[in-house]
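Below: one structure, written as structure tokens.
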Amino acid sequence: MATPRQQIIDFIEQERLPKENVQRALILTQVYPSGKAWRGFVESLCLYLGGLAFGVAAIFFVAYNWVELGRFAKFAMVELLMVAGVIAYWKFGDHKIIGPLSLIVSTLLLGALMALYGQTYQTGADPWQLFFNWALLMLPWAFVARSSVLWIVWLSLLNLSILLYYQTFRGLLGVLFYSEESLLWIVFSLNTAALLLWEYCARIWDWLQPRWAPRLLAVGSGLSMTWLCFVGIFDSVNSPTGVAWLIWMGLFYFIYRKVKPDLFMLAGLCLSGIVVTVAFCSEYILSDADEGTFLLLAIIVLGLGAGSAVWLKRVNEELQS
């Protein structure tokens, strides 16, 4: 079925829709959001920004008054606010915004509480422990809230704890995965597995349907895979990253072109393809650093970008038809 936007365009081209009625048709078919839709968006945005501002304000209040506030006053303030957020979720859990937002604020305060505990009692010097334990303790809330935002926060904390752990021990226990390439493989594996699992679970649970979350995970997967390919091109002669990149490109193309079409994912594949192709050409084909080389690289970028734009436009037309 054609989208409402495409139907209106067809009606205009066929002169079946008068020009004076186009604006009203766009509003009635919700191609243009109505005043009520804009009001709902602004209200939701203000709720989220207000909740996040409240949590951040509590953290800065404790930090600014660190000397004036006693040890128990600091803990009591953060803990009471965190418990208040949990109570708000218990009372307004059915609300699509206030319920998840309450746990998001409580999650933010949970991280502040752990940082406060570590700073007060000097429990350790490794920052990765803070983020890993933060992710571990917030996991039950993520299961209970059934919120895409909380799961993305959890995955972000997990990624950050892995990066900080690598900076501390330079590998797994200082022995295994002792290279930057190994770290990229771990980050790529984590985000790709999370993306595939998310897409599968979205077929079961409706609250996983918003597309912004898997697209964000795809950015993490694509960024790490593209960087791995960079490492293979410029640093490692016998690195298998080129083959892995091609497999990743083929898998994502099959999923988001044939199984679950998504123009954003395909645009990301095109961008990764352009970047890797230009890097490969600059290293192995056009290695001489002169004016002609840079001109040819610019032509390659323009050609690949134009070809990608034409292909994406055709795919978009197919999806709307």
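The values are calculated or read from the model by the stated rules, or taken from the named source; none is laboratory data. Keep in mind that what you see is a predicted model, and the values were worked out from it rather than measured. Neighbour counts run over all protein chains shown; Cβ positions are idealised from the backbone, glycine included.
Checking region 12-29 against the condition returns no match, with no residue being in a helix (DSSP H, G or I), in contact (Cβ under 8 Å) with a residue 60 or more places away in the chain, over 26 Å from the mean Cα position of the chain (by Cα) and under 30 Å from residue 316 (Cα atoms). For region 120-137, filtered to residues that are at pLDDT 80 or above and among the polar types (S, T, N, Q), the residue that is surrounded by the most Cβ atoms within 10 Å (Cβ to Cβ) is 133. For region 29-68, filtering for residues that are among the hydrophobic types (A, V, I, L, M, F, W, C) and either touching a Cys at 6+ places or on another chain (Cβ under 8 Å) or surrounded by 13 or more Cβ atoms within 10 Å (Cβ to Cβ) (or both) leaves 10.
Taking residues in region 45-66 that are over 20 Å from residue 117 (Cα atoms) and part of a helix (DSSP H, G or I), and partners anywhere that are among the aliphatic types (A, V, I, L, M) and modelled with pLDDT under 85, the pairs with Cβ atoms closer than 8 Å and at least 6 places apart or on different chains are 47/97; 47/98; 48/97. For residue 117, the conditions (1) buried (at least 19 other Cβ atoms within 10 Å of the Cβ); (2) over 19 Å from residue 51 (Cα atoms) are fulfilled apart from (1).
For every residue, the table says whether it meets (1) part of a helix (DSSP H, G or I); (2) within 27 Å of residue 148 (Cα to Cα); (3) acidic (Asp, Glu); (4) more than 19 Å from the chain's Cα centre (by Cα).
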position	(1), (2), (3), (4)
216	yes, yes, no, no
222	yes, yes, no, no
225	yes, yes, no, no
301	yes, no, no, yes
316	yes, yes, no, yes
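For region 293-307, the criterion of a residue being surrounded by 15 or more Cβ atoms within 10 Å (Cβ to Cβ), closer than 28 Å to residue 200 by Cα and at pLDDT 90 or above is satisfied by no position.
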